[in-house]
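> Mind having a look at this structure? Questions to follow.
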Amino acid sequence: MSRIAYVNGRYLPLAEAAVHIEDRGFQFADAVYDVIEVRGGRLVEDERHLARLGRSLGELRIATPMTVSALGVVIREVVRRNHVRDGLAYVQVTRGVAPRDHAFPVPSVRPTLVVTARRSKPAVKIKGEAGITVVTVPETRWARVDIKTVSLLPNVLARQAAREAGANEAWFVGADGLVNEGSSSNAWIVTAAGELVTAPTTAMILRGVTRAVLLEVAATQGLTLVERRFSVAEALAAREAFITSATSLVTPVLSIDGAPVGNGGPGATAATLRAALIARTRVAPAWGGPVAQGSGIG
C-alpha cells in the first residue's frame, strides 16, 4: 500500500508529494513541526501537541495554515488513509514559498502545510523495561530551543555521537556543567532523598508534552517535584535517571558516559511513573469520517 501525505490541500501518494524548491523551510529551516503518537488509531494528547505547534508558529510569526479543529481533521484523515493503528503523525508548517531572502517575504505568502503518518511499534511497548544508555555532549544549540523548529542539526550530531559511542541518547550539557535535555527527550533524575528533578521550562529545553503530563501524574503519586537543572555528577549519584518523550514515554537511563546510574538497572520510580502515565494519557475519541480532497480545509 502506498503511503499518503497531505500537502497544501491535497492528499497524494508519498512518492508524488513535494514542496517548492524555494520553500523557506527547505532553504532556511524557517519552519516548525510536531509529532503526535497514534495509539489504537487515535491521537494521543493531540490538543497539547497542537497547542504547542500554535505557540511555535506564533513565536516565529508564521501564519496559521488553518484552524486547529480543521488541522485535527486533516491529521486524522491522513492517519486513516495510511491505515495507521499504532505509529506517529507528523505535522510541519513552513513560512511558505518566496524568492530567497533572509527577511520575511513582503507581502506575506501562504504557509506550507505537510502532514504524514506512519506505522511504528507502540510507544507503550518500546524500551520501557530494559532501559537505555546515555552519553553527554556540549550544548551547541541556539537559545530558542523552546520553539519546536525543524532546525535540528545539533540534535542530529548529538544522536550520531551517541550511536557511535554505542549509546541510545545524548544529553546536552551547558558550559556550567548542568544538564539541559536530550537530543529528542527531556531528562530526569530521582535523587537519593527521593526528589523528582527535571529542568524548568525557563532553561534550554523544549516544553515536552510528555514532560508536562508526567508532572501532573507525579503530583498524584506523592512525589516531591523540583524543577531545576542538575549536574552529570548528581545524575550519576542519583537513585534513578530516566528520559521522557512522546515516543519513549518514561524510559530508565542505566548509564551515563559508561558509568552506571544507581545500581545500573531500571528503577522502581520510573516503572511506577510509566504505568501511571500510560493510564493517565489522554487519547482522542475515535474519528472515522473521510475528508474529500479539495474540500477547502487546506
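> Could you tell me the distance between the Cα centroids of the range 57-73 and the range 220-286, to the nearest Å?
If we compute the Cα centre of each part, the gap is 32 Å.
> Next question. How large are Rg and Dmax for the chain when calculated on the C-alpha trace, in angstrom?
Rg then Dmax for the chain, in Å: 19.8, 60.
> OK, next. In cubic angstrom, how much convex hull volume per residue do the alpha carbon atoms of the range 197-275 span? Write out the running numbers ahead of the final one.
Details: hull volume 7.8 nm³, N = 79.
Hull volume over Cα atoms, normalised by residue count, gives 99 Å³.
> Still on this model: Run through every distinct alpha carbon pair of the range 4-120 and return the Kirkwood hydrodynamic radius in angstroms, one decimal place. All intermediate terms of the calculation are to be shown ahead of the outcome.
Details: mean 1/r = 0.0689 Å⁻¹.
Kirkwood radius, the range 4-120: 14.5 Å.
> Cα convex hull of the range 34-185: how many Å³ per residue? Intermediate values should be presented prior to the final figure.
Numbers: hull volume 22.0 nm³, N = 152.
Convex hull volume per residue, Cα atoms: 145 Å³.
> Mind checking the angle between helix 153-164 and the chain's longest principal axis? C-alpha axes, 0 to 90 degrees, to the nearest 10.
The helix 153-164 is inclined about 50 degrees to the chain.
> Still on this structure, I have one more. Under 8 Å for C-alpha pairs, at least 6 residues apart: give me the relative contact order for the range 117-216, rounded to a whole percent. Can you show the working numbers first?
Details: 119 pairs, mean separation 24.0, N = 100.
24 percent.
> Could you work out the relative contact order of the chain, using alpha carbon pairs under 8 angstrom and six or more residues apart, expressed as a whole percent? Write out the running numbers ahead of the final one.
Numbers: 626 pairs, mean separation 61.7, N = 298.
About 21 percent, as a whole number.
> Can I ask one more? Tell me the angle of helix 209-219 to the major Cα principal axis of the chain, expressed in degrees between 0 and 90 and rounded to the nearest ten.
With both axes taken from Cα atoms, the answer is about 40 degrees.
> Sticking with this structure for a sec: Tally Lys and Arg at +1 and Asp and Glu at -1 over the other residues with C-beta under 10 Å from the C-beta of Glu139: what net charge comes out?
Surrounding charge for Glu139 is -1.
> Quick one: order Ile147, Ile62, Ile21 by neighbouring beta-carbon count within 10 Å, fewest to most. Could the numbers behind the result be given before it?
Numbers: Ile147 17, Ile62 22, Ile21 9.
Sorted ascending by nearby Cβ count, the order is Ile21, Ile147, Ile62.
> With no solvent and one equal point scatterer per Cα, compute the Debye intensity ratio I(q)/I(0) for the range 132-280 at 0.09, 0.13 Å⁻¹ and report its log10, rounded to two decimals.
Relative scattering, expressed as log10 I(q)/I(0), comes to -0.24, -0.51.
> Just to confirm the number: angle between the C-alpha axis of helix 46-60 and the first principal axis of the chain, 0 to 90 degrees, nearest 10?
The helix 46-60 is inclined about 80 degrees to the chain.
Here, each number is a calculation from the coordinates, and none is a lab measurement. These numbers come from a predicted model, not from an experiment. Reconstructed Cβ throughout: ideal geometry from the backbone, glycine too, with neighbour counts over all protein chains shown.
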